[in-house]
Every structure is written in structure tokens, then in C-alpha cells.
Amino acid sequence: MAKIVGMLTTSHVPAIGGAIAKNLQQDAYWKPFFDGFIPVRKWLDETKPDVAVVLYNDHGLNFFLDKMPTFSVGAAPEYHNADEGWGIPTLAPTRGDVDLSWHLINKLIDREFDITTCQEMLVDHAFTIPLKLFWPQSPCPIPAVPVCINTVQFPLPSARRCYAFGQAVGDAIRSWDSNKKVVVIGTGGLSHQLDGERAGFINKDFDLKFMDSMIHDPAWATQFSIHELVEKTGTQGVELLMWLAARAAVPGTLKKIHSNYHIPISNTASGLMALATV
Amino acid sequence: MMKHLFIEIKALVRMWLFECAVGASPAMLTNAANDIAPGTTFIQQEPRVSEYPPIPGTTLFDGSQARKGYALNKMCFSFNSAACREEFVRDEEAYMHKYGLNEEQAAGIRGRDVLGLIRAGGNAYYLAKFAGILGLNMQDIGALQTGMTVDEFKAKLKAYA
């Protein structure tokens with residue numbers, strides 16, 4: 001059976017794509033952010049996962065409001081990035097793993113998560129940039145399966161529901177008849193708000209508590225309603241749902257490889273965690 | 001409370017009648033007939049977010065915003081394509097007309113009024129694609145919405161560290 005080697009979580013911000021394209025990794029503004037990834041890459045070099053399952057949220061590249069699935073799973077042989085309209089470079093396509101996709105799809109529906117399946121799926125910066133940060137080579141050296149959670153249009157799935165979804169994703173991976181090593185990635189957050197008079201809102205105390213809960217009390221954030229999460233973390237901070245689902249997919253005691261928290265990257269409090277299965 | 005409930009029911013019935021009048025699909029009519037039990041269940045149809053107190057300076061992009069802003073968001077979604085961005089820049093009025101923006105939305109686009117566009121149903125992610133055409137980044141947009149200069153807005157972000 002497949003083995004989950006650990007989980008990685010990181011913020012995703014379009015501006016990171018611009019910084020990578022301009023080689024600004026050592027620039028004073030960007031260095032505290034990019035340096036966080038060095039120990040994580042070292043762990044990846046040693047651990048050598050074969051495939052990644054990436055929990056992320058689309059920002060209006062693949063999905064529009066005409067059809068907005070709450071949970072969706074990619075089932076394509078290859079995932080293409082494309083023009084997102086805000087002027088960041090388009091990254092190389094990422095290979096998929098169609099066997100793992102269909103295994104996930106079958107198992108998730110067995111568990112009554114009636115997901116949308118996507119045999120064609122454009123992936124935006126929330127999928128491509130984290131892969132680029134973890135594996136700077138182009139294209140990404142390992143295949144990946146995108147799993148998308150809606151954070152565009154309310155109502156969003158509750159934190160509790162996302163946690164249960166993550167548990168089902170983890171169980172599905174562990175029941176995959178394969179000898180592959182899988183890493184689970186969650187991208188988004190942490191606190192930030194782009195829209196309205198409250199734009200620029202950040203909540204460091206909450207973010208740090210949430211990051212701590214990833215290690216010691218994984219279900220901690222499930223106590224909050226979506227409304228409370230927006231209030232505490234901002235309209236886009238609610239993307240922490242991806243972290244929560246990723247952690248639920250890799251349960252039990254995990255070993256902290258590295259974590260980093262830095263304010264601000266663009267308008268975002270950026271977080272990074274790498275936790276290994278023991 | 002009763003008065004509130006009555007207003008809700010009236011609004012929902014009016015909505016349902018409107019959907020019938022504009023030619024709802026048979027599936028929609030079947031759903032309406034099956035899902036709404038006589039008399040008591042209307043209140044459950046209320047958008048869930050409205051059960052909570054509003055968050056100052058924050059508009060949750062719920063069903064009511066999604067309905068109101070559909071044409072505006074659809075136009076902004078088209079800005080994923082360079083050809084569409086160019087077409088908009090060539091003739092903004094014609095492009096807005098093509099997507100059927102209402103007057104409030106068109107005024108928001110003409111005035112580069114981000115808060116006005118949110119009120120008119122705009123979603124942050126799609127509006128950001130419009131901001132991309134104008135060459136504005138997220139700090140510029142943040143400054144516009146909060147009445148700060150860009151430097152003040154950046155300082156505000158940094159102060160959270």
C-alpha cells in the first residue's frame with residue numbers, strides 16, 4: 001500500500017511567482033520568506049516522495065461562477081497553468097497520476113464526499129507556486145494530483161467538513177495499492193484580507209496558535225464556524241481550510257521538520273510547515 | 001420575529017414567481033415543488049451567513065452577491081485572456097455592454113471604484129483581474145479601499161509583524 005511520508009503547508013500569493021521570475025529570492029523583502037524553504041527542500045531531497053496530493057483553492061482560472069464545485073479532484077494526465085490575468089509568468093505543466101486520481105475519486109465517493117471529477121483542469125498559482133517553492137526545477141520532478149476546495153463563493157464547506165474530507169483523502173491514499181511514497185500538500189492562508197474597508201487585516205496571534213495546533217491539536221480550528229474564521233483571519237485567510245484538510249490526511253503525531261512565519265508577503269501573513277510521519 | 005419571517009416568506013415567494021415568469025427550467029420547478037414543504041420550511045432557505053452579525057468592512061461573497069454580480073464577474077473572468085483585455089482597453093463601453101453590466105457596475109468600472117464594484121456584486125478574485133489591466137497590485141488596491149496612500153498601507157501591513 002502507498003505510504004504518506006508527511007505533509008507540507010504553505011501560503012500561495014501570485015506575487016511570489018513574480019519574485020521567482022525576477023530572481024528576487026535574496027532581496028531583503030523576499031529573503032525571510034524564501035529562506036524558509038531551504039530546510040524543507042533538504043528534507044524532500046532525503047525523503048524523495050514519488051507523488052504529491054495538493055489541496056488548494058482556485059481563484060478564477062479553472063472554475064467560474066457558472067459551475068462552482070465545493071470539492072473537486074483532478075484526473076488529468078497533465079495539468080496546465082495559464083494566464084491568470086494579473087501578469088505573473090505562466091509555469092510549466094505538471095504531470096498527473098491518473099491511477100491515484102481515480103483511486104481518490106472512488107474512495108471519496110464511497111465515503112459520501114460527492115466530489116466533482118476533472119479530466120481537464122487548469123491549475124492556478126495556488127497549485128503551481130507551492131510546487132515551484134518545494135521543487136524549484138522546471139518542470140516539477142514528481143507528478144501531482146490537485147484537489148480543490150471552494151473558497152470563492154459562500155457558503156464554504158465548514159472547517160469540520162474540510163477536516164473530515166482530509167481524513168477521507170488520507171485514508172484513500174493509504175489504501176492505494178501502490179508502493180509509492182506520497183506527500184500531502186495544503187496551500188493557502190494564513191491571515192489576510194484583500195477586499196473591503198478591512199483590506200490589509202492580519203491576525204498574528206491567531207496564525208501562530210493555528211500553526212501550533214497543526215502539531216499538538218490538529219482538529220483545534222474545527223471549533224470555529226466559517227464566519228468566525230473570516231472574522232479572525234480575513235476573507236482570504238479562510239484558505240487555512242487547506243492546511244486543516246492536509247493535516248487531517250496525515251493524522252497522529254508528526255515530527256516537525258521546519259516552520260516559518262513571516263509578515264508580510266504582499267498583503268498576506270505567510271506561513272510554512274513541514275511535518276514528517278514518524 | 002413573526003414580521004421578519006413573513007417578509008422572508010414574501011421575498012421567497014416573489015423570487016419563485018419571478019423564476020416561473022422568466023421561464024425557469026422544468027428541473028428548477030420540480031425542485032421548488034419537492035424541496036419546499038408547505039408552510040414551515042421557508043426560513044431554512046435564508047442564506048446562512050446572514051445568521052451572523054456582519055463583519056465590519058467585509059462583504060461575504062454569498063449567493064445574493066453572486067447573483068447580483070454575475071455579469072460583472074463574468075466580464076472580469078474574461079480578463080484571463082490577453083485578447084479580451086486588449087478588447088476591453090480598446091473600447092471599455094462596448095466591452096461592458098457586451099457583458100450586460102448594469103449602471104452601478106459600469107459606473108464602478110469607469111470610476112475604478114473598488115468598493116463600489118464590491119457593492120455591485122464584484123468578487124475580489126475576479127476584480128483583481130481588472131486591477132491587473134490597470135497595472136495595480138494588491139497594495140495599490142488595499143490603499144484605494146482604505147483611503148490610505150500605498151506607503152501607509154504597506155506600513156500598516158508591516159506593523160503586524
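Keeping all protein chains in the complex and leaving out DNA, RNA and ligands, what accessible area do you get for residue B:97 with a 1.4 Å probe, in Å² to the nearest 10?
Using a 1.4 Å probe on the heavy atoms, I get roughly 150 Å².
With both partners inside the protein assembly as shown, how many of the DSSP beta bridges are antiparallel, as a percent to the nearest 5?
Counting only bridges with both partners in the protein assembly as shown, antiparallel ones make up about 50 percent.
Quick check: residue separation of residue A:82 and residue A:28 times 0.36 nm, minus the Cα distance between them. What number comes out in nm?
Stretched fully, the residue A:82-residue A:28 segment lengthens by 16.5 nm.
Could you identify which residue out of A:104, A:241, A:156 has the top mean-square fluctuation in a GNM of chain A using Cα springs shorter than 10 Å?
Its mean-square fluctuation being the largest, the pick is A:156.
Residue B:152 accessible area, nearest 10 Å², 1.4 Å probe?
Accessible area of residue B:152: about 100 Å².
Need the C-alpha centroid separation for region B:81-117 versus region A:58-121, integer Å.
29
When only Cα pairs under 8 Å and 6 or more residues apart are kept, what is the percent relative contact order across chain A?
Relative CO of chain A lands at 31 percent.
Given an 8 Å cut-off on Cα distances and at least 6 residues of separation, report the relative contact order of region B:81-161 as a percent.
With pairs under 8 Å counted, the relative contact order is 16 percent.
What residue among A:234, A:36, A:196 shows peak mean-square fluctuation when chain A is described by a Gaussian network model with Cα springs under 10 Å?
Looking only at A:234, A:36, A:196, the largest GNM fluctuation is found for A:196.
Direction-averaged shadow area of the convex hull around the Cα atoms of region A:40-161, nm²?
About 8.2 nm², averaged over all directions.
Among A:102, A:243, A:220, what's the order by accessible area (1.4 angstrom probe), most exposed first?
Accessible-area ranking of A:102, A:243, A:220, largest first: A:102, A:220, A:243.
Below 8 Å, C-alpha to C-alpha, sequence gap of six or more: please give me the relative contact order for region A:1-154 in percent.
RCO, region A:1-154: 37 percent.
Starting from the Cα of residue A:67, step 7 Å along the direction of its Cβ; do the same at residue A:216; then give the gap between the two resulting points in nm.
My value for the distance between the label points is 4.6 nm.
List the accessible area buried at the contact between A and B, summed over both sides and calculated with a 1.4 Å probe, in Å² to the nearest 100.
Chains A and B together bury roughly 3600 Å² of accessible area.
Which residues in region A:103-120 place their backbone N less than 16 Å from a point set 7 Å from the Cα of residue A:177 along the Cα-to-Cβ direction?
A:103-107
Compute the signed sum of charges (Lys and Arg +1, Asp and Glu -1) over the other residues within less than 12 Å, Cβ to Cβ, of residue A:91.
-2
Hand me the trypsin sites (Lys or Arg not before Pro) from region B:103-157 located in a DSSP loop with no more than 16 other Cβ atoms within 10 Å, in residue order please.
Hits after loop and neighbour filter: B:112.
Evaluated at 10 °C with a viscosity of 1.306 mPa s, what Stokes-Einstein diffusion coefficient in µm²/s does the protein assembly as shown have when Rh comes from the Kirkwood expression over alpha-carbon pairs?
It diffuses with D of about 70 µm²/s by this estimate.
Starting from the 7 Å offset along Cα-to-Cβ, what nm value, one decimal, do you get for the label separation of residue A:116 and residue B:152?
Those two pseudo-labels are separated by 4.1 nm.
Could you pull out every one of the lysines with an alpha carbon less than 25 Å from that of residue B:156, ignoring same-chain neighbours closer than 8 positions?
Filter leaves A:31, A:204, A:209, A:232, B:129.
Treat each spin label as a single point 7 Å out from the Cα along the C-beta direction, and report the residue A:138 to residue A:278 distance in nm.
According to this spin-label approximation, the distance is 4.0 nm.
Please give the direction-averaged projected area of the C-alpha convex hull for region B:42-161, in square nanometres with one decimal.
9.3
Divide the volume of the convex hull of the Cα atoms of region A:1-78 by its number of residues and quote the answer in cubic angstrom per residue.
Looking at region A:1-78, the number lands at 154 Å³ per residue.
Across the residues of A:187-196, average count of Cβ atoms on other protein chains within 10 Å?
Mean shielding by partner chains, rounded to a whole number: 5.
Take the alpha-carbon positions of region A:169-278, form their convex hull, and give its projected area averaged over all directions (one quarter of the hull surface) in nm².
Hull-based average projected area comes out at 7.4 nm².
Quick one: which residues, 5+ away or cross-chain, put their amide H under 5 Å from the amide H of residue A:257? H built at 1.01 Å from N.
Placed amide hydrogens put A:274, A:275, A:276 under 5 Å from residue A:257.
The values are calculated or read from the model by the stated rules, or taken from the named source; none is laboratory data. The model shown is predicted, which means the values in this text are computed figures rather than measured ones. Positions of Cβ are generated from backbone atoms using ideal geometry, with glycine treated the same way; all protein chains shown enter the neighbour counts. Quick note on the areas: whole protein, heavy atoms, side chains included, nothing else; ligands and nucleic acids left out. Shrake-Rupley method; radii C 1.70, N 1.55, O 1.52, S 1.80 Å.
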